[in-house]
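The values are calculated or read from the model by the stated rules, or taken from the named source; none is laboratory data. Bear in mind that the values here come from a model prediction, so they are computed numbers and not experimental data. Positions of Cβ are backbone-derived with ideal geometry, glycine not excepted, and every protein chain shown enters the neighbour counts.
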Amino acid sequence: MIHGWPRLVLLGGNDEIRGRIDRVACSLGAGLRVIETAPDGNDRLCDQVQIALMSMPAPRAAFAQMRRAFPAARVIVFGSDASQQAAIEAFRSGADDFIARDMDESQLAQLLGGHLDPDAQPDATDGMAGRSAALTAARDYALRLAPSNVSVLVTGETGTGKDCFAALLHRRGRRARGPLVALNCAAIPDGLLEGELFGYERGAFSGALTAYPGKLKLADGGTLLLDEIGELSLAGQAKLLRAIESREVYRLGATAPTRFDARIVATTNRDLRAEIESGGFREDLFYRLAVACIELPPLRDRREDIMPIACHLLRELAASSSLPVPAIACGVAAVLEGHDWPGNVRELRNVIEIALVTCNAGQITPDDLPSYLFACAPALRQGQGQGEDERGILLQALERAGGNKSVAAKALSCSRMTLYRKLARHGLIEESAILSMV
């Protein structure tokens with residue numbers, strides 16, 4: 001068993017590669033060990049390794065062995081070229097990042113330094129509320145992708161937080177000190193897209209009183225967020241594809257190209273594969289953007305996230321409005337968790353914001369929530385509930401309301417007196433409880 005592992009490990013490699021990595025490791029103040037085979041994974045000190053380097057081509061089994069041997073490390077591979085296809089193959093095999101062998105030592109030091117920097121390591125949630133397995137898996141995958149330069153496509157319904165994940169990819173990446181520039185593809189007409197993306201020179205057209213560098217150049221050294229990429233026309237897609245492939249653009253009115261270096265992150269609420277089938281989206285652009293994909297589940301599929309997100313939003317909104325954070329009364333959680341949230345987190349934010357400004361006595365109660373959140377029980381509401389059916393509906397409503405009869409009555413669209421009478425009829429409360437209300 002080997003003891004005292006350094007922070008960098010290199011699997012194999014020729015003398016030239018070993019020499020370069022050793023010099024870079026020394027410049028970063030990190031040790032390096034060259035190994036010929038991955039250890040068996042029983043050495044707990046392997047957790048000290050932060051970066052495990054290996055060369056391509058390599059079988060997928062080799063990636064799995066490196067993962068088992070160094071569970072806390074990022075697996076980074078050297079490729080024989082810097083092509084997009086080489087990077088895709090590396091990531092599909094299980095790599096966390098890809099390095100072309102012709103990268104100079106200063107660039108290599110910057111890349112490896114980003115992986116080694118302890119300040120770049122996220123906390124357990126990275127500031128995102130939610131504890132579901134689905135959200136945790138998506139966040140963890142995003143954090144693995146963040147230090148790389150690969151293009152990422154973030155998909156999900158409207159309001160699921162795609163822009164938050166785009167910001168996470170930028171903030172935790174090597175380009176965090178550069179700009180995060182967003183372009184809303186749904187808001188740019190075709191006639192203005194070229195100027196907005198590529199820029200223009202002064203006098204290029206009527207009204208061009210000053211030069212404009214364009215979004216791609218503004219994002220140089222940082223990240224370009226292409227929001228709602230599925231809304232871009234086919235003509236716009238063709239122009240964007242050429243720019244991404246060549247990494248250079250011609251500003252309107254310019255005679256020479258302008259190069260840019262920006263990471264591309266795109267978001268959409270559309271099914272782009274279905275759009276490709278119907279001819280609404282270019283397949284070649286899809287594969288340029290979707291080197292890695294992150295799919296965000298809707299809020300209705302992760303109900304355990306609703307209250308943590310609601311509490312987070314409540315604190316955030318209260319702070320921005322200079323208001324004290326109110327308490328949340330019994331029964332509110334049952335109402336929020338019982339709604340399907342077609343507008344996802346954006347809809348939840350609206351509900352929490354109005355409850356914050358309308359609540360009394362420093363407490364949010366079910367009465368502060370919009371009436372549409374209270375799902376009605378049709379059999380009871382229509383007077384069709386009889387016998388055991390009605391009893392079951394009543395018990396279910398009480399359970400969802402956490403025992404709060406006011407909340408249950410509102411959910412069933414009946415008065416509190418009517419609810420009490422029905423509960424007494426089925427022996428669920430004493431008749432004296434009704435008399436005390438009169």
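Results, tabulated for the structure shown:
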| quantity | calculated |
| --- | --- |
| Yes/no for Arg60 being under 29 Å from Leu168 (Cβ atoms), at pLDDT below 75 and touching a Ser or Thr at 6+ places or on another chain (Cβ under 6 Å) | yes |
| Matching helices (runs of 4 or more DSSP H) fully within the stretch 206-315 where at least 1 residues are over 15 Å from Leu183 (Cα atoms) and within 21 Å of the chain's Cα centre (by Cα) | 272-278, 283-289 |
| Condition broken by Leu153, with the remaining ones in (1) part of a helix (DSSP H, G or I); (2) surrounded by 20 or more Cβ atoms within 10 Å (Cβ to Cβ); (3) in contact with a strand residue (DSSP E or B) (Cβ under 7 Å, 6 or more places away or on another chain) satisfied | (1) |
| First in the stretch 99-111 and under 15 Å from Gly79 (Cβ atoms) and of a type in the set (Gly, Ala, Ser), second anywhere and in a loop (DSSP other than H, G, I, E, B) and modelled with pLDDT under 75, Cβ under 8 Å, 6 or more apart | Ala100/Asp81; Ala100/Ala82 |
| Subset of the stretch 387-433 (residues that are closer than 21 Å to Pro366 by Cα, at pLDDT 75 or above and not in a helix (DSSP H, G or I)) | Ala401, Gly402, Gly403, Asn404, Leu412 |
| Residue among Ser278, Ser233 that alone is polar (S, T, N, Q), without any contact (Cβ under 8 Å) to a residue 24 or more places away in the chain and more than 30 Å from Val332 (Cα to Cα) | Ser278 |
| Selection count, the stretch 256-279, where residues are out of contact with any Asp or Glu (no Cβ under 9 Å at 6 or more places or on another chain) and within 28 Å of Phe205 (Cα to Cα) | 1 |
| Given (1) free of Cβ contacts under 8 Å to residues at least 12 places away in the same chain; (2) under 21 Å from Glu157 (Cα atoms); (3) of a type in the set (Lys, Arg), number of the condition Arg242 does not satisfy | (2) |
| Every pair of residues 6+ apart whose Cβ atoms lie under 9 Å, when the first sits in the stretch 392-408 and is closer than 13 Å to Tyr420 by Cα while the second is part of a loop (DSSP other than H, G, I, E, B) and among the hydroxyl-bearing types (Ser, Thr, Tyr) | Ser406/Thr365; Val407/Thr365 |
| Contacts under 9 angstrom Cβ, first residue in the stretch 350-367 being among the small types (Gly, Ala, Ser), partner assigned to a helix (DSSP H, G or I), 6 or more apart | Ala355/Leu314; Ala355/Val332; Ala355/Asp368 |
| Top-ranked residue of the stretch 311-332 - restricted to ones that are among the hydrophobic types (A, V, I, L, M, F, W, C) and touching a Leu at 6+ places or on another chain (Cβ under 9 Å), ranked as surrounded by the most Cβ atoms within 10 Å (Cβ to Cβ) | Val332 |
| Residues (surrounded by 15 or more Cβ atoms within 10 Å (Cβ to Cβ), outside any helix (DSSP H, G or I) and either assigned by TED's automatic domain parsing to the domain that holds Ser406 or of a type in the set (Gly, Ala, Ser) (or both)) located in the stretch 333-373 | Gly343 |
| Residue satisfying all of: in the stretch 175-228; β-branched (Val, Ile, Thr) and crowded, with 18+ Cβ neighbours inside 10 Å; modelled with the highest pLDDT among these | Thr223 |
| Sole residue being on the phi > 0 side of the Ramachandran plot and modelled with pLDDT under 80, chosen from Asp126, Asp117, Asp104 | Asp126 |
